[in-house]
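Since the structure comes first, as structure tokens, the remarks are kept for the end.
The values are calculated or read from the model by the stated rules, or taken from the named source; none is laboratory data. In this text the structure is predicted, and so the values were computed from the model without any measurement. In this analysis, Cβ positions are derived from the backbone assuming ideal geometry, glycine residues included, and neighbour counts consider all displayed protein chains.
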Amino acid sequence: MRVPSRLLPSSPGFWRSPLRGPRFTSVLGLVLLVGVTVMFVTGLLSYAAYNPGLGGVNDRTPDKGLLGFYLFDWPTDPYWLYRLTQGVHVTLGVTLIPVLLAKLWSVVPKLFALPPVRSLAHALERITILLLVGGGLFEFTTGVLNVQLDYLFPGSFYPLHFYGAWLFFAAFLLHAALRVPLAVRTVRRARAQGNLLAPADEPADRPADAPADRPAAGATREQAGEPVAREADALVATRPDAPTVSRRGALWSVAGGSLLLLATTAGQSIGGSWRRTALLAPHGGEDPGSGPGAFQVNKTAAYAGITTAGTREDTWRLELRGPTRTVRLSRAQVRALPQYGAALPIACVEGWSTSDQHWRGVRLRDLAALAGEREAVDVYVESLQTHGTFRHAWLRANQVADPRSLLALEVNGADLTPDHGYPARVVVPAAPGVLNTKWVTRMTFGRP
Ligand SMILES: Nc1nc2c(c(=O)[nH]1)N[C@H]1C(S)=C(S)[C@@H](COP(=O)(O)O)O[C@H]1N2
Ligand SMILES: [Mo]
């Protein structure tokens, strides 16, 4: 039995939506151009914030090679820096999902276009598109999974998302270089003609570069001019169905979907009573409990396997190791050291963060001095946890030196709760949550 050719996705007649066309694709493409660029930059910043340059336990991409070329000492100022960059990264990523899906939908006929390869240049372009679409879907999927179901990623999210980002962005840049001029011309021309959002059934949906006096539907591929314009022409349905929604309506649906996601996600990074609006975010809703420890908990003490036997005043010790000596202090002795306060947030890679919490404890640089270090050095912090990726972390000398960096014993006027790291936890301004080790028991000062 022969399948009528218009029933095959490779036939131009198969794709019937009158919405498809260069204008629809161009508007979405330009939004993604800006959005994905911001995602890439904030993502690279997030990577730098982990101090992977310190190697060891901080660097889960030891074979990154040249990809770490831009790494720099993550600053401690402004103290809300990571809260901002990572909040933007995650919130924007979630917000862009409808735009990404609409953009893919708008160009899907090209996926099936025959012949699959017309020339060497065309083959290269198709490989780029494969990396672009595959990379984009991979980055958005891994990102969302990490935020929503982080247990799916036992430590492998970090390298996957990192390498995927470079692949995706390389393809994205190539694609943008090829397409942005066309998208800009398409949008400019449509705006000049006042029909950017016009109903899709108007004959105005000819490729931007086709002469205005030539109707798109009748224009053969040869007539339509330069190759890129011909490509754009391929988006327009040859046998369009009657429109059920205007292009304006379609774009507003995409924007509405994005705004809805924005409104139900952003609260987890803004904190305070906004958190209640973050219905879609796993760390949204109300702050847990009440009292001084009533702010987000990532991993509870029970989850991390922390027992009261290990944290009791009479058994817990803080061990400080330096180049020449090792000091062991009880909690009473740590408390007898000069105590300082700092108002700092916890900001997680998953995008949620807390408002500023009032921590009180000993300065890291004072602990370094106790261990015999004369000047600022890096420190390796270990917790009572025996397993788990985040049970230990390296901090950089600039972070140890900052007078607001504390080994905190208290938060908001009371002893730390077990879930927030009792007997002692690290807090460092502008650092990602993962570097704020809880249930600390040993600190080794010096170079990694
Ligand atoms: N020992 C230890 N410290 C840890 C973690 C951990 O799993 N174990 N999680 C880190 C992460 S990823 C974050 S975001 C913060 C969360 O701190 P909170 O639970 O007090 O909000 O703690 C950090 N400190
Ligand atoms: Mo985190």
Residues of segment 281-309 classified as touching a residue at least 12 places away in the same chain (Cβ under 8 Å), within 11 Å of ligand 1 (Cβ to nearest atom) and not acidic (Asp, Glu), total: 12
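Hey, among THR37, THR128, THR76, which residue is over 20 Å from the mean Cα position of the chain (by Cα) and modelled with pLDDT of 95 or more?
THR76
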THR265 fails exactly one of the following numbered conditions: (1) of a type in the set (Ser, Thr, Tyr); (2) assigned to a loop (DSSP other than H, G, I, E, B); (3) farther than 22 Å from TRP352 by Cβ. What is the number of that condition? (3)
Report yes if some residue within segment 89-100 is modelled with pLDDT of 95 or more, surrounded by fewer than 19 Cβ atoms within 10 Å (Cβ to Cβ) and on the phi < 0 side of the Ramachandran plot; otherwise report no. yes
Regarding segment 104-124, can at least one residue be identified that is closer than 27 Å to ALA347 by Cα and assigned to a helix (DSSP H, G or I)? no
Tally the residues that are more than 8 Å from ligand 1 (Cβ to nearest atom) and closer than 25 Å to PRO75 by Cβ, restricting the search to segment 405-425. 6
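So that you can scan it fast, the table gives a plain yes or no per residue for (1) at pLDDT 90 or above; (2) assigned to a loop (DSSP other than H, G, I, E, B); (3) more than 16 Å from ligand 2 (Cβ to nearest atom):
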{"residue": "GLY289", "(1), (2), (3)": "no, yes, yes"}
{"residue": "ALA294", "(1), (2), (3)": "no, yes, yes"}
{"residue": "LYS299", "(1), (2), (3)": "no, yes, no"}
{"residue": "LEU320", "(1), (2), (3)": "yes, no, yes"}
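The rows are residues; the columns are (1) outside any strand (DSSP E or B); (2) assigned by TED's automatic domain parsing to the domain that holds ARG83; (3) within 16 Å of ligand 2 (Cβ to nearest atom); (4) more than 25 Å from ARG325 (Cα to Cα).
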{"site": "GLY351", "(1), (2), (3), (4)": "yes, no, yes, yes"}
{"site": "VAL362", "(1), (2), (3), (4)": "no, no, no, no"}
{"site": "ARG365", "(1), (2), (3), (4)": "yes, no, no, no"}
{"site": "THR386", "(1), (2), (3), (4)": "yes, no, no, no"}
{"site": "VAL400", "(1), (2), (3), (4)": "yes, no, no, no"}
{"site": "LYS438", "(1), (2), (3), (4)": "yes, no, yes, no"}
Select, from ARG312, ARG317, ARG275, ARG321, the only residue that is among the charged types (D, E, K, R), within 14 Å of ligand 1 (Cβ to nearest atom) and over 19 Å from TRP359 (Cβ atoms). ARG275
For segment 39-53, state whether one or more residues are over 13 Å from PHE162 (Cα atoms), among the aliphatic types (A, V, I, L, M) and either free of Cβ contacts under 8 Å to residues at least 12 places away in the same chain or surrounded by fewer than 17 Cβ atoms within 10 Å (Cβ to Cβ) (or both). no
Does LEU259 meet the test of being in a helix (DSSP H, G or I) and either touching a helix residue (DSSP H, G or I) at 6+ places or on another chain (Cβ under 7 Å) or more than 16 Å from ligand 2 (Cβ to nearest atom) (or both)? yes
Which one is nearest to ligand 2 (Cβ to nearest atom), of the residues in segment 367-377 that are surrounded by fewer than 20 Cβ atoms within 10 Å (Cβ to Cβ) and charged (D, E, K, R)? GLU375
Looking at segment 402-436 only, could you name the residues that are acidic (Asp, Glu), more than 16 Å from ligand 2 (Cβ to nearest atom) and outside any strand (DSSP E or B)? ASP402
Have a look at SER253, SER269 and point out the one that is more than 30 Å from LEU130 (Cβ to Cβ), modelled with pLDDT of 85 or more and not assigned by TED's automatic domain parsing to the domain that holds SER353. SER269
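Looking only at segment 431-444, how many residues end up being under 20 Å from ARG365 (Cβ atoms) and within 14 Å of ligand 1 (Cβ to nearest atom)? Spell out the reasoning first.
Within segment 431-444, the subset under 20 Å from ARG365 (Cβ atoms) is 431, 435-437, 440-444.
Adding the requirement that they be within 14 Å of ligand 1 (Cβ to nearest atom) leaves 431, 435-437, 440-443.
Number satisfying all stated conditions: 8.
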Reported set for segment 388-398 where residues are surrounded by fewer than 20 Cβ atoms within 10 Å (Cβ to Cβ) and either away from ligand 2 (no atom under 16 Å from the Cβ) or not in a loop (DSSP other than H, G, I, E, B) (or both) is HIS392, ALA397, ASN398
